[in-house]
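A.B. asks: Pasting in a structure now, in structure tokens, and then I'll have a few things to ask.
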Amino acid sequence: DTPYYSYLSTDNHLVISALGMPQSICQITLADISYSNGADNGFMETLNKNIDLGKLAAYNAWNTADNAVGYAIAQGMLAEHMNENHKQKLIRQRIIDDWFYQSNARITLSKELAKSGRENLIYDLGSNQKDILQKTADITNSIAKRINFTKQTNFDIHFPWSRLFEVDVTIANTAKNK
């Protein structure tokens, strides 16, 4: 029933174990590049079960390995100079976009649209944007509520270009998310 494959190898389990080390030993910047355009669900589920995702200095799973690695390096380098709340907010934003949306909501919606013969909407949401946005919010919020790091995160999603390829995630400025 899982709509994805995972490259969760023995080596990945070692990485997850290492990520459990105290932050005083090292800052972890993670570029999740098993797939283009999103996270490795199996890796992230296992990572989430074994560490507090808030311990990451940076997380990225962008549309290309180059983008994910480049952004992860920059975010990781800046993390030590960032206010802790801003760092946590940025990590939440990347997790919601790269894992919850790109690897789950977008894939689910793309498959639903293709199955119903409306795959043209993937590239131009047109007058269907409001309905698709609601489904997107339902899927991403459902995932966010079961992940400890994001379960109390208030966020909005919108489509900046009226297509499924990308979303803009805005984390609300609440006391928890500042």
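None of the figures in this text is laboratory data; all of them are computed from the coordinates on show. Bear in mind that the values here come from a model prediction, so they are computed numbers and not experimental data. Virtual Cβ from ideal backbone geometry, glycine too; neighbours counted across all protein chains shown.
A.B. asks: Considering only DSSP states other than H, G, I, E and B, which GluC sites (Glu not before Pro) in the range 72-167 qualify as loop sites with at most 12 other Cβ atoms within 10 Å? Intermediate results must be reported in sequence, preceding the final value.
C.D. replies: Working: sites: Glu80, Glu84, Glu112, Glu119, Glu166; in loops: Glu80, Glu166.
When the GluC sites (Glu not before Pro) of the range 72-167 are filtered for loop state and at most 12 Cβ neighbours within 10 Å, Glu80 remain.
A.B. asks: Which pairs break 21 Å Cα to Cα here: Lys87/Lys151; Lys87/Lys130; Lys89/Lys151; Lys111/Lys145?
C.D. replies: Working: Lys87/Lys151 17 Å; Lys87/Lys130 31 Å; Lys89/Lys151 13 Å; Lys111/Lys145 23 Å.
Too far apart for the 21 Å limit: Lys87/Lys130; Lys111/Lys145.
A.B. asks: Right, here's the next one. Tell me the label-point distance for the pair Ala114, Gln134, using the 7 Å Cα-to-Cβ offset, in nm and rounded to one decimal.
C.D. replies: 2.6 nm
A.B. asks: List the trypsin sites (Lys or Arg not before Pro) within the range 25-124 that fall in a DSSP loop (any state other than H, G, I, E or B) and whose Cβ has at most 16 other Cβ atoms within 10 Å.
C.D. replies: Sites meeting the loop and neighbour criteria: Arg118.
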